[in-house]
Structure formats: structure tokens, C-alpha cells
1. Tell me which residues, restricted to segment 131-168, are touching a strand residue (DSSP E or B) at 6+ places or on another chain (Cβ under 8 Å) and of a type in the set (Lys, Arg).
2. For segment 11-47, name all the residues that are at pLDDT 95 or above, farther than 16 Å from Val58 by Cβ and of a type outside the set (A, V, I, L, M, F, W, C).
3. Output yes when any residue across segment 195-206 is at pLDDT 90 or above and in contact with a helix residue (DSSP H, G or I) (Cβ under 7 Å, 6 or more places away or on another chain), and no when none is.
4. Restricting to segment 71-87, give me the number of residues that are more than 19 Å from Arg177 (Cα to Cα) and either without any contact (Cβ under 8 Å) to a residue 60 or more places away in the chain or buried (at least 19 other Cβ atoms within 10 Å of the Cβ) (or both).
5. In segment 138-150, what residues are surrounded by 17 or more Cβ atoms within 10 Å (Cβ to Cβ) and on the phi < 0 side of the Ramachandran plot?
6. As an exercise: evaluate Asp215 against (1) at pLDDT below 95; (2) surrounded by 10 or more Cβ atoms within 10 Å (Cβ to Cβ); (3) among the acidic types (Asp, Glu) and give the number of the one condition it does not meet.
7. Considering every residue within segment 56-70, establish whether at least one is among the hydroxyl-bearing types (Ser, Thr, Tyr), under 20 Å from Phe2 (Cα atoms) and within 17 Å of the chain's Cα centre (by Cα).
8. State all residues of segment 168-194 that are outside any helix (DSSP H, G or I) and either in contact with a helix residue (DSSP H, G or I) (Cβ under 8 Å, 6 or more places away or on another chain) or without any contact (Cβ under 8 Å) to a residue 12 or more places away in the chain (or both); if no residue qualifies, say none.
Amino acid sequence: MFTGIVEERGEIVDVLRLPDEAARVRIRGPKVIEDARLGDSIAVNGVCLTVSHLEGDVFDADVMRETLIRSSLAGVGSGDEVNLERALTPQTRLGGHLMQGHVDGTGTILSREPSEHWEVVRIAIPHALARYVVEKGSIAVDGVSLTVVEVDEEVSGPWFSVSLIPTTLAATTLGSRLPGSIVNLEVDVLAKYVERALAYGTQQSGSQVQSGDSDGEVS
């Protein structure tokens with residue numbers, strides 16, 4: 001689990017393509033590997049990856065096909081910056097919101113509107129994820145825990161906006177993401193559980209009605 005509070009901006013050192021459409025990424029992240037061990041989890045742009053090798057200030061992680069399909073990691077290359085966060089511990093301050101590091105899909109930055117104290121960023125979101133995004137709710141963008149400012153569904157497609165404070169702009173890669181950039185999205189897992197529970201309850205009710213006798217009483 002993670003909180004979406006980025007610890008440092010790391011750098012992609014190399015990407016090795018593997019069989020079965022997988023990949024191995026080498027990432028420089030001096031802070032996040034200070035106490036890292038093989039098998040530890042580190043979020044890379046919001047994607048939970050497992051440390052498979054350590055060497056100096058660089059760690060390796062394997063990325064399977066499913067992750068490459070769902071996230072922007074398929075397009076990273078040597079020299080790219082990425083947001084890094086170690087998995088939380090029982091002593092970690094929950095400054096953001098609980099995240100699994102399981103990216104649900106990607107969005108596209110539509111626009112940026114700078115102001116004196118913050119910057120409003122509008123991001124297009126896939127229709128399949130739009131129902132989980134609500135105003136003042138939480139969402140992770142490239143592994144950064146953010147609060148949704150506005151949600152709208154236009155003819156061209158749904159989008160949401162977030163406000164980025166100077167600290168977020170300086171400490172994460174979101175400060176340099178231009179319109180057209182692809183970003184990883186993880187919606188609030190609570191919304192998905194609620195949807196599943198409601199759907200399951202509806203299915204169960206329907207099954208009970210169907211199993212009732214002719215006068216409508218449920219057996």
C-alpha cells in the first residue's frame with residue numbers, strides 16, 4: 001500500500017525488453033533504496049513494482065505485460081523522470097490517501113492553467129473510470145495523491161481537474177507534464193468496492209425473487 005506522497009523523482013536508467021511482452025526497468029532512486037531489500041515494493045509513477053536487483057543507487061524491477069498495457073510505463077525510456085514512493089509502514093503518516101499501486105488506466109493532460117499560488121490541470125479520463133471520480137474525492141495521478149476539483153462529461157469525453165500547489169509542482173513530475181502527456185490513473189479503491197457490493201446485492205435479490213413460488217413469496 002502507498003499514500004501518494006512522492007518521496008523523490010527518480011530516473012529511468014535503462015529498459016530491457018523481455019519475452020512475453022514484458023520488460024525490466026533500471027531506475028535510479030537514491031532515497032527510496034536507502035533501506036530497500038530484494039522483494040520490497042516501490043511505486044514508480046503510481047505502479048507498484050518489486051525490487052529484483054540492487055546496485056549502488058539503482059534498482060531493477062520487472063514489469064509484466066498486463067502492467068505495460070494498463071500504464072504509461074510501456075512508453076518510458078532512458079533519461080525519463082518518474083515519481084517514486086516506498087510502500088508504507090505502520091509508522092507512516094497517511095498524508096495522502098490509501099493506494100494499492102494497481103493502475104486502473106491512463107489519462108491525457110488536456111490543459112494547464114497557471115496562477116499565482118497553484119496550477120489547475122485538466123485531465124481526460126476513460127469512460128470506464130469516470131463513474132469512480134467525484135468532486136472533492138481522491139485520485140492518484142502518476143502516483144501523486146490529489147483531490148478532484150471538478151468533474152465533467154463533454155461530447156468529446158469525460159475529464160476532471162486537479163489543483164497543483166507549488167510543492168507538488170516542484171517535487172513531482174507533474175510539474176513538467178505538458179498537454180498531450182499520458183499519465184497513470186488509480187481511482188479510489190473504496191468506490192470500486194462499493195460498486196461491487198451494490199451489484200452483488202442486486203444480483204442476490206434478483207435470484208431470491210426468481211426462486212420464489214407462484215404467489216411471489218421467496219422460498
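The values are calculated or read from the model by the stated rules, or taken from the named source; none is laboratory data. Quantities reported herein were computed from a predicted structural model and do not represent experimental measurements. Counting neighbours? That spans all protein chains shown, and the Cβs are built from the backbone with ideal geometry, glycine included.
1. Passing the criteria: only Lys136.
2. Gly39, Ser41, Asn45, Gly46
3. no
4. Selection size over segment 71-87: 1.
5. Taking segment 138-150 first, the residues surrounded by 17 or more Cβ atoms within 10 Å (Cβ to Cβ) are 138-146, 148.
Across segment 138-150, the qualifying residues are Ser138, Ile139, Ala140, Val141, Val144, Ser145, Leu146, Val148.
6. (2)
7. Yes, segment 56-70 contains at least one residue that is among the hydroxyl-bearing types (Ser, Thr, Tyr), under 20 Å from Phe2 (Cα atoms) and within 17 Å of the chain's Cα centre (by Cα).
8. Listed by number, the residues that qualify are Ile182, Val183, Asn184, Leu185, Val187.
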